[in-house]
Amino acid sequence: MSLKLSILDQSAAASGRGQDATIRQTLALAQQAEAWGYHRFWVSEHHSHPSIVGSAPEVLMAAIAARTQRIRLGSAGVMLPHYSALKVAEQFRVLDALAPGRIDLGVGRAPGSDGRTAQLLNPDRNASERFPQQVMELQAWVNGQNLPANHPGHNVYAYPQSDTAPAVWMLGSSDYGAQLAGHLGLPYAFAYFITDGQGAGEALQIYRDTFRPSASLQKPAATVCVWALAADTDEEALRLFESRARWKMDRNLGRIGPLLPPEEAARDYGPAEQFALDRLRDSALIGSAATLGHKLRQLAARLQVEELVVITWTHDPAAQMRSYELLAQEFALAANC
């Protein structure tokens, strides 16, 4: 079976480019992704984050829905403890009316921000403890089901109703999300790019072992979200990777900011930093289309998934576009639409 590829674009800020231009670049990328044959296009939610300026996935998805016809659109994800499950269900029912049968509602428990910002979004410090209950409520509301008679939401519905409904996905980077997804019979996306792959196999196995069929999903369905970069040559991919590598090195020291150009990102490192940088380069999913294609196929086979969601950060938007174009060609995505 051919491997499906999808995209998660986080609207990563770049030095020298306005943040509004970054959001518009996400729209342009979504349109190209559809033309290239990608299966899904997901956007993320972060708050008060100097590097990631995509803060309202539901708004961005509406704009993308108006500019596309086929590709599935989704959130990766909505950080549900910040919000009312009913309001989220209403937003995504509206999105489903705009793009019937194309909407993925990925939800997560993490704040997508620092603690102070999370409290400003929702003053309830214990909101995340209700996450499983919120997900069950969300499932009912997006699918037009009535909640039990003893629930405050009984006889309350999320409109507009239609013949289609958003597909609720569970996102996670630990065993917690895997167990909850399995218990509720939801599709599951593991954030491989957050853990650098650690725990991926274990989480996916837990999900498959604990999966219980639901009304919307009869067997386990899982994907992993990976950071990857393709270029015309292995050497060019390594050069472009300098921006991401420098960002990760700086983040580990508590310095978070926009992506730097490769030439500015490269610098002389001390012995300890150079060792860490070498490890980053050695494990990175980067290279020419053929090199990266081989790495991605190996990863998918090892984790037993039929779809990968690819995240690519570059300082130059043209390099990001080229990376996704090369992968689309390598995997013959347009031919498999």
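Odds and ends about this structure:
- Among the residues of the range 292-324, those identified as part of a helix (DSSP H, G or I), crowded, with 17+ Cβ neighbours inside 10 Å and not basic (Lys, Arg) are Leu292, Gly293, Leu296, Leu299, Ala300, Leu303, Pro317, Ala319, Gln320, Met321, Ser323, Tyr324.
- When residues of the range 192-222 are limited to those that are under 22 Å from Leu3 (Cβ atoms) and among the hydroxyl-bearing types (Ser, Thr, Tyr), the one surrounded by the fewest Cβ atoms within 10 Å (Cβ to Cβ): Thr195
- Per this entry, Arg251 is not counted among residues that are of a type in the set (Lys, Arg) and either in a loop (DSSP other than H, G, I, E, B) or buried (at least 18 other Cβ atoms within 10 Å of the Cβ) (or both).
- Filter result for Arg70 (over 15 Å from Ile311 (Cβ atoms) and of a type in the set (Lys, Arg)): yes
- The one condition from (1) hydrophobic (A, V, I, L, M, F, W, C); (2) buried (at least 21 other Cβ atoms within 10 Å of the Cβ); (3) touching a Phe, Trp or Tyr at 6+ places or on another chain (Cβ under 9 Å) that Leu86 does not meet is (2).
- Count - residues of the range 181-191 that are more than 25 Å from Ile7 (Cβ to Cβ) and touching a Phe, Trp or Tyr at 6+ places or on another chain (Cβ under 9 Å): 3
- Members of the range 165-180 that are within 18 Å of Ser6 (Cβ to Cβ) and among the polar types (S, T, N, Q): Ser173
- Verdict on Arg239 being in a loop (DSSP other than H, G, I, E, B) and either within 24 Å of Glu325 (Cα to Cα) or without any contact (Cβ under 8 Å) to a residue 12 or more places away in the chain (or both): no
- Thr164 falls short of the stated requirement of being among the hydroxyl-bearing types (Ser, Thr, Tyr), within 28 Å of Thr312 (Cβ to Cβ) and either without any contact (Cβ under 8 Å) to a residue 60 or more places away in the chain or out of contact with any Ser or Thr (no Cβ under 7 Å at 6 or more places or on another chain) (or both).
Values in this text are rule-based calculations from the coordinates and carry no lab data. Just so it is clear, the model here is predicted, and its values are computed rather than measured. We place every Cβ from the backbone using ideal geometry, glycine too, and count neighbours over all the protein chains shown.
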